[in-house]
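The values are calculated or read from the model by the stated rules, or taken from the named source; none is laboratory data. The shown structure was predicted, so the numbers you read here are calculated from the model rather than taken from an experiment. Cβ atoms come from the backbone with ideal geometry, glycine included; neighbour counts cover every protein chain shown.
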């Protein structure tokens with residue numbers, strides 16, 4: 001069964017306690033359960049990861065790119081957190097690995113502080129889901145599957 005990598009950037013390990021008015025009460029473990037359940041309904045497995053370290057995220061994207069080429073991975077649902085607004089390196093990793101990425105954000109970043117309005121990830125992403133709370137992860141998984149194919 002092919003996998004979808006769900007990759008989470010810095011501070012997402014604090015879901016459920018960090019700014020619940022912005023990010024809601026769901027924990028990262030709740031998000032993982034949502035992702036696994038959503039993927040299972042459409043015939044995929046989930047590889048779920050979180051890191052506060054940019055290099056670890058780059059390594060995961062490159063690994064996913066190799067998995068796509070090998071037919072083992074469909075693509076990546078990626079919430080890069082604050083790296084969205086700062087990381088050319090993550091943009092370059094997505095492009096270089098030739099990995100389909102759905103950029104995902106829990107909050108509507110365009111309705112927040114102006115520094116959150118620009119994304120270095122968006123130009124490299126195959127799609128973007130913002131502002132649907134943690135349900136955005138399920139939307140992104142389903143969108144990735146619709147855009148890049150159902151399981152073989």
Pairing a residue in the stretch 5-18 that is on the phi > 0 side of the Ramachandran plot with any residue that is in a helix (DSSP H, G or I) and surrounded by fewer than 23 Cβ atoms within 10 Å (Cβ to Cβ), where Cβ atoms lie under 6 Å and the two sit 6 or more apart in sequence or on different chains, gives 11/81
- Message: Suppose the filter is crowded, with 17+ Cβ neighbours inside 10 Å and at pLDDT 95 or above; does residue 103 pass it?
- Response: yes
Within the stretch 16-46, residues being surrounded by fewer than 18 Cβ atoms within 10 Å (Cβ to Cβ) and not in a helix (DSSP H, G or I) number 10
Residue 120 vs (1) out of contact with any strand residue (DSSP E or B) (no Cβ under 7 Å at 6 or more places or on another chain); (2) buried (at least 22 other Cβ atoms within 10 Å of the Cβ); (3) more than 18 Å from residue 67 (Cα to Cα): all pass except (2)
